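Heads up: the structure comes next, in structure tokens.
The values are calculated or read from the model by the stated rules, or taken from the named source; none is laboratory data. Nothing here was measured: the structure is a model prediction, and the numbers come from that model. Glycine gets a Cβ as well: all are built from the backbone with ideal geometry, and neighbour counts include every protein chain shown. For the accessible areas, the whole protein counts, side chains as well, though only heavy atoms, and no ligand, DNA or RNA atoms are used. Shrake-Rupley method; radii C 1.70, N 1.55, O 1.52, S 1.80 Å.
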Amino acid sequence: ANDSYNDKFGKSEDYILFVSGNRSEKNLARTIDAYKHYLKCSEKKMPLYVVGTSAQTRKALTRSLKLDSLVDARSIVFFDYLDDNELISLYRQASFLLYTSKSEGFGLPALEAAKFGCPVVAAYGTSIPEVLGTNCIYVNPYSIDSIKSGIMEMSKEEKRAYYKANVENVFQDLIPRIQDSTSFIIKELLNG
């Protein structure tokens, strides 16, 4: 799977992953703005891989945020919608997931990241604290400076190693809780 991944995506470096880029509540425009600030003040400049964007969204963002040079230089790489295996490969190889959603009902991308050992920078004030607890770096999704600071912090290798070790345990700890909750809901529905 890695060979086809490398052929398709050209992975040869660390990168930051952003998923569900086509949905406005995911906060992509503000996040890209914060990422641009990160590029200006960081020694290590990891590219941003944005998954799940339509051609129309890419065109609008590129024009409104003046991203032509960043896209041409592959500092920002947009992907269409990917199949499950491609997305799993991206999670496994990403330096970290940048998940700055302004509203989140469950936080499936954060849970997927945890499953594949991918550290997370996430928006506080959504459902993510219930899913990941203290096992990620939280940012204010309405603050470009806060998002940039989260990117800068997780860009440090020692921070990524720390959160990677912790987030790998989150998914294992969640499995019994999910099973218990699912059993409870099914029993309630059947008895209700």
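Structure above, values below:
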{"read-out": "Leading residue by the ranking (surrounded by the most Cβ atoms within 10 Å (Cβ to Cβ)) among those in the stretch 105-116 that are at pLDDT below 90 and in a loop (DSSP other than H, G, I, E, B)", "value": "Gly107"}
{"read-out": "Hits in the stretch 33-61 - residues which are among the basic types (Lys, Arg), more than 20 Å from Phe79 (Cα to Cα) and free of Cβ contacts under 8 Å to residues at least 12 places away in the same chain", "value": "Lys40"}
{"read-out": "Of the criteria (1) open to solvent by 10 Å² or more (accessible area, probe 1.4 Å); (2) closer than 14 Å to Gly21 by Cα, which one Tyr99 fails", "value": "(1)"}
{"read-out": "Hey, Glu43 modelled with pLDDT under 95, over 17 Å from Leu87 (Cβ atoms), in a loop (DSSP other than H, G, I, E, B) and open to solvent by 50 Å² or more (accessible area, probe 1.4 Å) or not", "value": "yes"}
{"read-out": "Of the criteria (1) under 21 Å from Thr53 (Cα atoms); (2) outside any helix (DSSP H, G or I), which one Gly125 fails", "value": "(1)"}
{"read-out": "Complete set of residues in the stretch 10-21 that are of a type outside the set (Phe, Trp, Tyr) and either open to solvent by less than 10 Å² (accessible area, probe 1.4 Å) or within 18 Å of Ala110 (Cβ to Cβ) (or both)", "value": "Ile16, Leu17, Val19, Ser20, Gly21"}
{"read-out": "Every residue from the stretch 117-139 that is of a type in the set (Val, Ile, Thr), modelled with pLDDT of 95 or more and surrounded by fewer than 24 Cβ atoms within 10 Å (Cβ to Cβ)", "value": "Ile137"}
